[in-house]
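The values are calculated or read from the model by the stated rules, or taken from the named source; none is laboratory data. Just so we're clear, the structure is a prediction, and the values are computed from it rather than from any experiment. With ideal geometry, Cβ positions are generated from the backbone for all residues, glycine too; neighbour counts draw on all protein chains shown.
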């Protein structure tokens with residue numbers, strides 16, 4: 001997680017989602033720093049089969065567990081901040097598909113309303 005220097009300066013939250021065969025590497029880190037300088041608290045996750053995750057490289061036999069992991073991780077991240085802050089999922093490629101699946105899955109699910117309102 002990357003956040004502005006003081007909590008009082010947080011103007012929003014942002015989750016960065018990498019693409020297929022991507023990872024939370026220097027590119028996402030630089031993007032996170034850029035947004036943190038603009039006042040956003042940011043985070044990213046390495047999807048299963050990517051980056052530093054514990055699974056076969058680029059192997060996702062079922063996208064649903066990946067979406068579940070992201071919802072759990074993102075909800076925990078968002079819970080650290082004022083729920084009235086604007087929040088965004090900033091993703092590309094596979095990350096964009098996951099962001100869309102999160103939005104579609106959570107839109108009618110009361111237990112995941114925090115993800116819906118923040119996605």
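Things to note:
- Within the stretch 70-82, being closer than 17 Å to residue 107 by Cα and without any contact (Cβ under 8 Å) to a residue 40 or more places away in the chain holds for one residue alone: 72.
- Total residues in the stretch 57-87, condition in contact with a strand residue (DSSP E or B) (Cβ under 8 Å, 6 or more places away or on another chain) and under 11 Å from residue 41 (Cβ atoms): 6
- Of all residues in the stretch 35-46, none are modelled with pLDDT under 90, over 21 Å from residue 103 (Cβ atoms) and in contact with a helix residue (DSSP H, G or I) (Cβ under 9 Å, 6 or more places away or on another chain).
- Applying a threshold of 9 Å to beta carbon distances and a minimum spacing of six or more residues, or different chains, the list of pairs starting in the stretch 34-45 at a residue that is at negative phi and surrounded by fewer than 19 Cβ atoms within 10 Å (Cβ to Cβ) and ending at one that is at pLDDT 90 or above and not in a strand (DSSP E or B) reads 38/11.
- Number of positions in the stretch 57-111 that are farther than 28 Å from residue 33 by Cα, at pLDDT below 90 and in contact with a helix residue (DSSP H, G or I) (Cβ under 9 Å, 6 or more places away or on another chain): 7
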